[in-house]
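Down below is the structure, laid out as structure tokens.
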Amino acid sequence: MKKYLLFDLDGTLTNPEEGITKSVQIALEHFGIHVEDRKELIPFIGPPLMDQFMEVYGFTREQAREAVTVYRSYYTTKGLYENLEYAGIRQMLGALKSAGYELFVATSKPEFMAVEILKHFGYLSYFKRVAGADEKEDRVRKGDVIRYLMKEAGIREVSEAVMIGDRKHDVLGAREVGMDSIGVLYGFGSREELMEAGAGWIAETVEDLEEYLLMQTD
């Protein structure tokens, strides 16, 4: 039986599309790259930012660092608060906590930003620990964040924990440490992406996720 639920943040607990895509758009403009349709920037939601700037736009590591700095100049003051709440998340978190699960957040977003977002939505009290990227970004990939969280939270049995997220990076990070995973389709990843990555189960809606997890406690 699972005791520990590790949640991704962007695309799993909140919908960050507006704030993230605006921030990426501004960062690209800094380099003379104009993207009119922000939908084209949705792939930036989930993966480490530097990786995406290098992979999608061919930036050097130095350019990617500069892009992230510009990105954060907008995101930390405005974009962070342009998150939207997924319907049913608050109720689900309350039900899971009442059922005896211990809840955690494991995100590639800088930890201080994740905490601020959770405070903004009034979600922080549901979680025992929030783990994210460190300021030097030595810890940014999902596998590294999960390992860090397990150590800090004292989770010794990986079989008692499950990672829940909307992108392949969540699933692959869980596999890296030998942890089971659940993919969610109400975020930004496709069923094909999550299945190919090896998700153990896939929830289409927040309600499906809550029902499935509560069934595991019966």
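No value in this document is a laboratory result; all are computed from the given coordinates. For clarity, every value in this text was computed on a predicted model and none was experimentally measured. Cβ: placed from backbone, ideal geometry, glycine included. Neighbour counts: every protein chain shown.
Its DSSP H runs of at least 4 residues, each contributing -39,500 (n - 2.57), put the calculated 222 nm mean residue ellipticity of the chain at -13500 deg cm²/dmol, to the nearest 500. Going by Cα centres, the stretch 1-26 and the stretch 138-214 are how many Å apart? If you average the Cα positions of each part, the centres end up 13 Å apart.
Taking amide H as placed 1.01 Å from N in the peptide plane, M179 has no amide H partner under 5 Å among residues 5 or more places away or on another chain.
Of the residues G189, Q216, V162, the one whose Cα sits farthest towards the positive end of the charge dipole of the stretch 127-218 is V162 (charges of +1 on Lys and Arg Cβ, -1 on Asp and Glu Cβ, taken about the Cα centre). Shown in residue order for the stretch 118-129 are the 3J(HN,Hα) couplings computed by the Karplus curve 6.51 cos²θ - 1.76 cosθ + 1.60 at θ = phi - 60°: 5, 5, 4, 8, x, 9, 4, 5, 6, 10, 6, 7 Hz (x for Gly and Pro). Our summary gives the chain a relative contact order of 24 percent, counting only alpha carbon pairs under 8 angstrom and 6 or more residues apart.
Note on the chain: lysine pairs with Cα distance below 13 Å, sequence gap of 8 or more or different chains, count 9. Placing unit charges on the Cβ atoms only, positive for Lys and Arg and negative for Asp and Glu, gives the stretch 49-168 a dipole magnitude near 200 debye about its Cα centre. Only the Cβ atoms of Lys and Arg (+1) and of Asp and Glu (-1) were treated as charged; on that basis the dipole of the stretch 125-218 about its Cα centre amounts to roughly 480 debye. Neighbour counts of other Cβ atoms within 10 Å put K2, K151 in the fewest-to-most order K151, K2.
If you take the charge dipole of the stretch 5-105 about its Cα centre, with +1 on Lys and Arg Cβ and -1 on Asp and Glu Cβ, which of M54, F7, G94 is farthest toward its positive end? The residue sitting farthest along the positive end of the dipole is G94.
Using amide H atoms built 1.01 Å from N in the peptide plane, name the residues 5+ places from I164, or on other chains, whose amide H lies under 5 Å from its own. Correct list: L6, F7, D8, I182. Expressed per residue, the C-alpha convex hull volume of the stretch 77-218 stands at 110 Å³.
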